[in-house]
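Following: one structure in structure tokens, then a few remarks.
The values are calculated or read from the model by the stated rules, or taken from the named source; none is laboratory data. Computed from a predicted model, the values in this text were never measured in an experiment. Reconstructed Cβ throughout: ideal geometry from the backbone, glycine too, with neighbour counts over all protein chains shown. The accessibility values were calculated without ligands, DNA or RNA, using every heavy atom of the protein model including side chains. Shrake-Rupley method; radii C 1.70, N 1.55, O 1.52, S 1.80 Å.
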Amino acid sequence: MMSYGERPRLLVVANRLPVSSKKTGENSWSMEMSPGGKFNLLGGVTDQYDTKWVGWPGFDVYNEVEKTALSKSLAQMNCIPVFLNEVFDQYYNGYSNGIIWPILHHMGLPIECHHDANKTFQTQYDAYKKANRMFLDVVIENYEEGDTIWCQDYHLMFLPQYLKEYNNKIKVGWFLHSPFPSSEVYKTLPSRSELLRSVLRADLLGFHTYDFARHFVSTCTQILGVEGTDEGVVDQGRLTRVVVLPMGIDPDRFISTSKLPEVIQQMNELKEKFFGKKVILGVDRLDMIKGIPQKYLGFEKFLEENPDWRNKVVLVQIAVPTRDAVPEYQKVRDQVHGLVGRINGRFGSISSLPVHHMDCSVPSNYLCALYATADVLLVTSLRDGLNLVSHEFVACQESKKGVLILSEFAGAGQSLGAGALLVNPWNVTEVSSAIKEALTMPAEERDERHRVNFQYVITNSAEKWGGDFLSELNDAFAESEMKIRSIPHELPQRDMIQRYSQSNHRLIVLGFCGTLTEPMNSQNEELDLKLNPKLKGTLKALCNDPKTTVVVLSRSGRNILDKVFGEYKIWLAAENGMLLRDPTGEWVTNMPENMNLDWVNGVKNVFKYFTDRTPRSFFEANETSLVWNHEYADVKFGKTQARDMLQHLWAGPISKASVDVVRGNHSVEVHAMSETKGAAIGRILEEMMHKISMTTPIDYVFCSGYLLEKDEDIYTFFESEIVPSKLSHETRSKSSSSNIMKNQISPNVLDLKKENYFSVAIGQTRSKARYVIDSSQDVVDLLHKLAIADTTTMANTVSDSELHQRLAMETRI
Ligand SMILES: O=P(O)(O)OC[C@H]1O[C@H](O[C@H]2O[C@H](CO)[C@@H](O)[C@H](O)[C@H]2O)[C@H](O)[C@@H](O)[C@@H]1O
Ligand SMILES: O=c1ccn([C@@H]2O[C@H](COP(=O)(O)OP(=O)(O)O)[C@@H](O)[C@H]2O)c(=O)[nH]1
């Protein structure tokens, strides 16, 4: 359903509503839009969407009459309140800002306070979940089918899961405004898995920088054991898309505000006040992550080392009070005040103070006047999601073209780094030198640096950011809808077997590990991968059948495949197609020339280290890949070791190598950047064509495996090779250059009709395969049935024991 108007509906859910409400009478309020922060995005998306905000109004309201009156007033501003009341403190100051925020900002967890029952991790975690449920309730009350729900930030990490549990068809996005930490830090969080699992339920996740997105994906792979891909995170065949979309500001608002007469007047007053002096500006919340003490240390050093500048420069710092209820914030405030006193005491005089520090926020017009008057903006965040202040400064500097000194640890460093002077705020000398460089920078260089950044800020506005996120979300949702619709069907066995027996040349393509291997057995002392013994006769019968070609396509190396399948007349593709063996046993290489394998020894050392310390694990070293397998190790310990192993690998031997790392359910594989199974199968068919004179084209394909998501392109490969039913083989051969034919495989090799194609995933709830079966035991049964299909029309109805008997007789095992 649509809409309040014609436009699609959007519910933006954030901790805080974008308006400040002031009580003006018993049941009346005045409302004002809050100018700063993530509220910028509101302007950006309202043009295309009918947007409503859901969030905390900024204060407690217990009285029902008051609640109704406030809700009515807020409704006029398209805002819907969530009255968190008694839950707020533990949810916001406690769990959100006392626990998650420090972790996200690499500060580590506080010591848990056990003597106060309201302050334990568990109570605060419970309050956090409760608050997320209260947001959910309000969203549900206002939800209409087809609405988009966009959850903002770390306060609402449970909301994606709650929304999807309520209705899996709701379109849900989540954007993190803060940094995402390295997994080493994140994994200290007691509720680490639950929070990750919940946000992964969203359709799209957004981050400000590549670093944050990369940290998130690798944290998911390490903590949850899921698969990280270029597109995001895959769990049980379901993809959660991850995008990097740095937020922007509304540049026009800042540009036009700085031209207002009132603002020009304020600028003139500021110029007069600081006449003859250069102005360095700082605008930050008084938060430890903003690095205000580091800023003062850098400035102090600059004054120490440059006595000539002592009366010629001022640092104006707006330190906006924030989270004052949290003791750590009170400590930073006191520390900062101490530093200000020290610097002014050391370098001030009756007529001039080097530091003008204010614990307050300033009206938005005055902020623009400050931005436009300053010669330098100094941002020394120790870690910052983005830092909108740096964007706002650039927008207001059209005429002055001042210099931006920007911490390399602010997300904005990735976007505004080209025009800014990037500094490490912990390096006091570097900050001091950057101040000097900024103050003495030639005009042409300032112009050029400003031009680059100004261009970025006006092009990458909040409006663009909001639009891009929502369009990515629509795509991701449509894609997942399609996937849901294409949940594989139950395999029509009778039809599959009948068509097999009626075909002239059948191709069977099978995976190896988890598909044809012996089922896992904790009693089994031997760790080698072995063929399921029940398949021996069946496979022999199929391989010996002149009308059937069998291919095993595996990530395993050729030694293993040779050992397992040596006696069969079978095609083997080792290391995902890098090496190919025809049924006579001859191997050919398909490796690209000059492939760099310098990383192999380093990886082997790490694998050996972990194998020695993980009982019942083992590793295979192949030509272009290494696989560490913990299938037979203790399940939990194996997984923990795999996580640690990945850290060692990323930090060392593969940090600069061109390799793929695949975290399987029970394995870690490192292989030279290679193809997927889908890409390999095309080359295998071409190779077949060269090796054997294929008189009859393949007219039947059965393709099955326990595959990684990325290897599932093997199923779609054959879909794109299917012959439209009206085109006969003859017509197709004659018109193979026709542009309606997408395939590259010659029709003399593959002449496949839709009804003769059976792609069968094993034990997946979502897959690109047409059909699904429960386990590898079903593959064994199916292959039995195919093996005797030519000799009995009742193959699909006879019992397993009869099949075994018949097969035993026919294949003489
Ligand atoms: O005041 P709070 O409710 O405690 O929230 C703190 C600030 O959070 C948001 O800032 C973060 O988002 C910015 C925009 O994405 C990003 O630049 C910054 O690095 C983050 O810290 C919010 O935008 C601010 O208004 C809040 O003050
Ligand atoms: O007195 C002030 C100082 C700052 N801001 C706004 O607060 C936001 C700060 O965002 P930023 O991303 O720099 O850091 P955050 O505080 O969100 O971590 C910016 O939009 C500023 O315009 C404000 O509204 N009043």
Report task. Calculate how many DSSP beta bridges within region 489-640 are antiparallel, expressed in % of all such bridges and rounded to the nearest 5. Result -> 60 percent
Query - Candidate aspartates and glutamates for bridging to Lys691, where Cα separation is under 16 Å - those fewer than 8 sequence places away on the same chain excluded - result: Asp582, Glu586
Requested in this report: From largest accessible area down, sort Arg683, Arg643; use a 1.4 Å probe on the protein chains.
Outcome: Arg683, Arg643
Requested in this report: Pull out the extension gain between Ala443 and Asn559, defined as 0.36 nm times the separation in residues minus the alpha carbon to alpha carbon distance; nm, one decimal.
Outcome: 35.0 nm
Requested in this report: Only residues of region 433-471 count here: report those whose backbone N is under 17 Å from the spot 7 Å along Cα→Cβ of Arg346, or say none.
Outcome: 433-436
Report task. Would you mind getting me the FRET efficiency between Asn85 and Val362? Use the beta-carbon distance for r and R0 = 25 Å, nearest 0.05. Result -> 0.25
Requested in this report: Post the alpha-carbon centroid distance, region 196-264 to region 273-332, in whole angstrom.
Outcome: 30 Å
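Translational diffusion coefficient, Stokes-Einstein: compute it for region 432-509 using the Kirkwood radius over C-alpha pairs as Rh, at 10 °C and 1.306 mPa s, and state it as an integer in µm² s⁻¹.
Numbers: Rh = 19.4 Å.
So the translational diffusion coefficient is about 82 µm²/s.
Heavy-atom accessible area per residue, the chain, 1.4 Å probe: how many Å²?
Numbers: 34650 Å² over 813 residues.
Ligands and nucleic acids excluded, the figure is 43 Å² per residue.
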Report summary line: To the nearest 10 degrees, the tilt of helix 428-439 (Cα long axis) against the first principal axis of the alpha carbons of the chain is 70 degrees
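Just order 536-547, 604-615, 365-376 by mean Cβ neighbour count inside 10 Å, highest at the front, would you? Can you show the working numbers first?
Values: 536-547: 18.4, 604-615: 16.2, 365-376: 23.1.
Top of the packing list down: 365-376, 536-547, 604-615.
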Query raised in the report: Given H placed 1.01 Å from N in the peptide plane, which residues other than close sequence neighbours of Ser381 have an amide H under 5 Å from its amide H?
Result: Ser407
Query - Per-q log10 I(q)/I(0), region 598-672, q = 0.25 Å⁻¹ (Debye; single scatterer per alpha-carbon; no solvent) - result: -1.17
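Once you have a ≥ b ≥ c as the square roots of the Cα gyration tensor eigenvalues for region 9-244, tell me rounded if a/c is under 1.5, and otherwise prolate or oblate according to whether a/b is larger than b/c. Numbers along the way, then the final one.
Working: a/c = 1.93, a/b = 1.34, b/c = 1.44.
Verdict is oblate for region 9-244.
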Query raised in the report: Among the DSSP beta bridges whose two residues both lie in region 9-244, what percent are antiparallel, rounded to the nearest 5?
Result: 30 percent
Report summary line: Taking 0.36 nm per residue of separation between Asn601 and Lys754 and subtracting their Cα-Cα distance, the length gained on full extension comes to 50.4 nm
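If we count every other residue with Cβ under 9 angstrom of Gly282's Cβ, Lys/Arg +1 and Asp/Glu -1, where does the sum land? Kindly include the intermediate steps, with their values, before the conclusion.
On the way: positive: Lys290, Lys295; negative: Asp284.
Neighbour charge sum, excluding Gly282 itself: +1.
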Query raised in the report: What length, rounded to one decimal in nm, is gained on full extension from Thr589 through to Asn311, with 0.36 nm per residue of separation minus their alpha-carbon distance?
Result: 92.7 nm
Query raised in the report: What's the tally of Lys pairs in region 20-156 whose alpha-carbon atoms lie under 17 angstrom apart, where the two lysines are 8 or more places apart or on different chains?
Result: 8
Requested in this report: Using only Cα atoms, locate the centre of region 46-99 and the centre of region 649-675, then give the distance between them in Å, rounded to an integer.
Outcome: 46 Å
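Apply the a/c threshold of 1.5 to the C-alpha gyration tensor of region 251-460 and tell me whether it is rounded, prolate or oblate.
Details: a/c = 1.28, a/b = 1.19, b/c = 1.07.
Here region 251-460 falls in the rounded category.
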Query raised in the report: Assuming R0 = 35 Å, what is the FRET efficiency of Ser20 and Glu328, from their Cβ-Cβ distance, to the nearest 0.05?
Result: 0.85
Report summary line: Rounded to whole angstroms and listed largest first, the alpha-carbon spread of the chain along its three principal axes comes to 107, 64, 61
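Between Asn27 and Lys271, what FRET efficiency follows from the Cβ-Cβ distance if R0 is 56 Å, with the result rounded to 0.05? List each step's numbers first, then the result.
Details: r = 46 Å, r/R0 = 0.82.
Approximately 0.75, to the nearest 0.05.
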Requested in this report: Excluding residues fewer than 8 places away in the same chain, name every one of the aspartates and glutamates whose C-alpha is closer than 17 Å to that of Lys534.
Outcome: Glu518, Glu567, Asp778, Asp781, Asp800, Glu802, Glu810
Query raised in the report: By a straight-distance test (C-alpha under 24 Å), which lysines pair with Lys608 as possible cross-link partners, with residues fewer than eight away in the same chain excluded?
Result: Lys530, Lys563, Lys636, Lys639, Lys656
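Given a 1.4 Å probe and every protein chain left where it sits, what share in percent of the accessible area of the chain is carbon and sulfur? Please report the intermediate quantities before stating the final value.
Numbers: 17390 of 34650 Å².
Taking all protein chains in place, the chain shows 50 percent carbon and sulfur surface.
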